[in-house]
Every structure is written in structure tokens, then in C-alpha cells.
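Down below is the structure, laid out as C-alpha cells.
Readers should treat all values here as calculations from the given coordinates under stated rules, not as data from a laboratory. On a predicted model such as this, the values are computed, not experimentally measured, just so you know. Backbone-built Cβ (ideal geometry, glycine too); neighbour counts: all protein chains shown.
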Amino acid sequence: MMKTVILSLVLFSGTFVQPALAQKTDVSGKFNQTLKSYYALKNVLATDKPDEAPKLALALQTAVREVPHKGFKDTKQHLLWMSESAVIQQKAVALSKSNDLKGQRKSFEGISTAFIRLAKGLKLNNQEAFVQYCPMGKLSWLNEVKEIQNPYYGSQMYDCGTVKDTLEKN
């Protein structure tokens, strides 16, 4: 009888725990897709490719829209996502409408600021991320590698900057 009760409790709790875990995994997976899209955009700006940036900005916007609204750890995380993802989408649209590298980089500033807040606040990144800083422009960005790849100055100062923070893999 006791085995039956325990088995029933395990099965019953699994009905609720499993979907919650699946939602958190889905949020994490989708968030990491947005990071990959962000890095792709950062890389074309760092290598002075303004023709590729608009389509990558639209891909980033799509990736952000695909992050589910359920599955965040708590309301604070959800509210952070809502506010910062709105900024990312707005700036990504602006960037996608520009073929001018300087204008694209200006839009990227807002995208980077929002992504840094998200990465620090959500702690969902599945690989290390590096917050890098350019003292010339007083600008920060996230990078998937420790080596500096400056998206704000590209070939003019590709390796100008420092690593300000390392966001551990979660």
C-alpha cells in the first residue's frame, strides 16, 4: 500500500514538475539562441560588414520574439526580459533599416546595453560570456571569446578594449 501511495505521489508530482522544467529549458535554449544572433551581429560590425548587419539584426529580432514568456524563474526575471527585449527589438529594427556602419553601430549600443543587463540578470547563458569595454568610446558589449573584437570601431581599433567581467556558464 505504501509503495502505491509513493508511486502515485511521484507520478502526480511529475505531471507538474516536468512541464515547469521543460518551460525553463525552453526559455534557456531560446535565450541562448538570442545570444548567438547577438554575437553574429557583433562579429559583422567588428569586421566592418555593413551589408550583412541588417539581415542579422532582423534575425536577432526574430530570435528575441521566440523566447517564451513562461518559464522564467520569477516575476523579476520576466519583467527584466520584457523591458530589455523591447529595447533590443526596437534597436534591431533601427539597425536593420540602416546601411551606414556608423548608424548601425549606434543602434548596436542599445542592443549591447540591454543584452548585458539580460545576461547578468537572467543567468541563462550556456557558455561563458565576456563583458568587454572600449575606453575610447566608453562603450561595452558581450563577447563569446575573451579576445577583444571591438564592434564599435572595427578595423580601426579591432582589439581596443578590456574584459571587464566574465559571466560564468549557467
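Before moving on, here are some points about what is shown:
- Put simply, of Ala53, Ala57, Ala94 the only residue that is under 17 Å from Lys30 (Cα atoms) and either crowded, with 22+ Cβ neighbours inside 10 Å or of a type in the set (Gly, Ala, Ser) (or both) is Ala57.
- Matching residues in the range 35-58 - criterion: being touching a Leu at 6+ places or on another chain (Cβ under 8 Å), free of Cβ contacts under 8 Å to residues at least 60 places away in the same chain and assigned to a helix (DSSP H, G or I): Ser37, Ala40, Val44, Ala53, Pro54, Leu56, Ala57
- Selection count, the range 134-158, where residues are surrounded by fewer than 17 Cβ atoms within 10 Å (Cβ to Cβ) and among the hydroxyl-bearing types (Ser, Thr, Tyr): 2
- Qualifying residue in the range 71-83 (condition: in contact (Cβ under 8 Å) with a residue 12 or more places away in the chain, β-branched (Val, Ile, Thr), assigned to a helix (DSSP H, G or I) and out of contact with any strand residue (DSSP E or B) (no Cβ under 9 Å at 6 or more places or on another chain)): no
- Residues of the range 36-54 classified as out of contact with any Pro (no Cβ under 6 Å at 6 or more places or on another chain), aliphatic (A, V, I, L, M) and within 14 Å of Asp159 (Cα to Cα), total: 0
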